[in-house]
Amino acid sequence: MKRSVEKSNRSCAPGQGRMERMPHIIDGRKTAELSLAATATQIAALRARGITPGLAVVLVGDHPASQAYVRSKDKTCRELGMHSRKYELPRETAQDELLTLIRDLNADPAIHGILVQSPPPPQIDEQMVVQAIDPRKDVDGFHPLNVAALAMDDPAAIVPCTPLGCLELLRAHDIETSGAHAVVVGRSLIVGKPMAMLLLRKGADATVTVAHSRTRDLAAVTRSADIVIAAIGRPHFLGADHVRDGAVVIDVGINRVEDASSPRGYRLVGDVDFDAVAPKCRAITPVPGGVGPMTIAMLMRNTVEACERMAAAG
Ligand SMILES: NC(=O)c1ccc[n+]([C@@H]2O[C@H](COP(=O)([O-])OP(=O)(O)OC[C@H]3O[C@@H](n4cnc5c(N)ncnc54)[C@H](OP(=O)(O)O)[C@@H]3O)[C@@H](O)[C@H]2O)c1
């Protein structure tokens, strides 16, 4: 099975050669489209055998950004010809009710992927919910067995979608990670830590530094990077001083900032000050239109691969 999306024409080796006048803008939407097209082919092959991959997305509460993410996942599933189920549960849903739903979905042969949208309301113990999901259906890759499998270089690991999408962007845009110094800013379980593990894996072979809020002289650390991955959650936090000439910058951040000129009253920006940083970069992702679309594309891929594995296991 072909895992990588098609390559762009342009080759970008971080840390080598002179800085280009214009950075290569890594188009996440286009790369995600190519990835989704490959996934659609896998789905067609499964459907020809009478198998339709199914994803269940569970949302507890009415967090507006979460509602938008869930709608978008549901829409992408349907467009690809997958079976999609969306559960929108009231904010006051009890932990036991949610666990009962998860158990039902674990046992449901039409469902191959289960995702509980984060963040849940405070009465829900997120870790307990993640651990209740059948690890084979844990398409977010947050179950401890999948976390361990990633750490152990087990190819069967289901890898969290956002870091997987970042790695896929680097691969699809011919950005060499082998031997490169990658600095991941952020150590969350959903982005920073799995990103670091992915870059460290054999095949990716980067030299990885993980920075966080206690890192001393962050700018000096990030300036030493060939590849900077920003997963901080603070708008425009990394500026020109944080990045050296010719670096590759992947901006995971999605932050809402007030914008009276926008009909919604806000706009989305990354953790990187794009206008200040881009002129120094060899390649950089925009926000929106960078990592975000890849996250959904990787969720679809993880679900289809989970379905293929379950079908093969009989
Ligand atoms: N594009 C996508 O699909 C996607 C998916 C997931 C998340 N995101 C976005 O990515 C960003 C990060 O998400 P997350 O879930 O990883 O966030 P998180 O759980 O809040 O983690 C943020 C990390 O940034 C570190 N940090 C905070 N302030 C810092 C500082 N001043 N200097 C250095 N490090 C600092 C924190 O360090 P400590 O550990 O020391 O506190 C923490 O490790 C958010 O904007 C989120 O919306 C995007």
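Read the figures in this text as sums done on the coordinates, not as results from a lab. Since we're looking at a predicted model, the values are computed, not measured. For neighbour counting, all protein chains shown are included, and Cβ atoms are generated from backbone atoms with ideal geometry for every residue, glycine included.
Given +1 at the Cβ of Lys and Arg, -1 at the Cβ of Asp and Glu and no other charges, the dipole of the chain around its Cα centre is 660 debye to the nearest 20. Would you mind telling me which residue in VAL184, VAL228, VAL210 has the biggest mean-square fluctuation in a Gaussian network model of the chain, where springs connect alpha carbons within a distance under 10 angstrom? The residue that fluctuates most here is VAL210.
Can you compute the FRET efficiency between LEU99 and LYS75 using 1/(1 + (r/R0)^6), with r the Cβ-Cβ distance and R0 = 25 Å? Round to the nearest 0.05.
Working: r = 28 Å, r/R0 = 1.10.
Between LEU99 and LYS75 the formula returns 0.35.
Cα centroids of segment 137-185 and segment 74-96: 25 Å apart. Residues whose amide H falls under 5 Å from that of LEU238, counting only those 5 or more places apart or on a different chain, are VAL272, ASP273, with hydrogens built in the peptide plane. Considering only GLY289, LEU268, ALA278, and ranking their Cα positions along the charge dipole of segment 251-297 that arises from unit charges at the beta-carbon of Lys, Arg, Asp and Glu, the one farthest toward the positive end is GLY289. Neighbour counts of other Cβ atoms within 10 Å put LYS193, LYS75 in the fewest-to-most order LYS75, LYS193.
When the charge dipole of the chain is built from unit charges on Cβ atoms (+1 for Lys and Arg, -1 for Asp and Glu) and taken about the Cα centre, the candidate among GLY141, ALA38, ILE232 whose Cα reaches farthest toward its positive end is ALA38. Taking a Cβ cut-off of under 10 Å around GLN123, the surrounding Lys, Arg, Asp and Glu residues balance to a net charge of -1, with basic ones at +1 and acidic ones at -1.
With 10 Å bins beginning at zero, the pair-distance distribution over Cα atoms of the chain amounts to 6, 26, 34, 24, 9, 1 %. Separation of segment 106-125 from segment 267-309 is 23 Å, based on Cα centroids.
For the chain, return all DSSP H helices satisfying: extent of Cα atoms along own axis at least 20 Å; mean Kyte-Doolittle hydropathy at least -1.0.
28-48, 291-313
A simple charge model with +1 on the Cβ of Lys and Arg, -1 on the Cβ of Asp and Glu and nothing else charged puts the dipole of segment 156-314 at about 400 debye relative to its Cα centre.
When MET294, MET310 are sorted by how many other C-beta atoms sit within 10 angstrom of their C-beta, beginning with the fewest, the order is MET310, MET294. In a fully extended conformation the segment linking ALA107 and ALA156 would gain 15.6 nm over its present Cα-Cα distance, using 0.36 nm per residue. Dividing the helix sum by the residues of the chain, where each DSSP H run of 4 or more adds -39500 (n - 2.57), gives a mean residue ellipticity at 222 nm of -12000 deg cm²/dmol.
Neighbour counting of Cβ atoms within 10 Å sorts the residues THR295, THR303, fewest neighbours leading, into THR295, THR303.
Just to be sure I understand: with springs between alpha-carbon atoms less than 10 Å apart, which residue in ARG91, ARG264, ARG234 has the highest mean-square fluctuation in the Gaussian network model of the chain? The residue with the greatest mean-square fluctuation here is ARG264.
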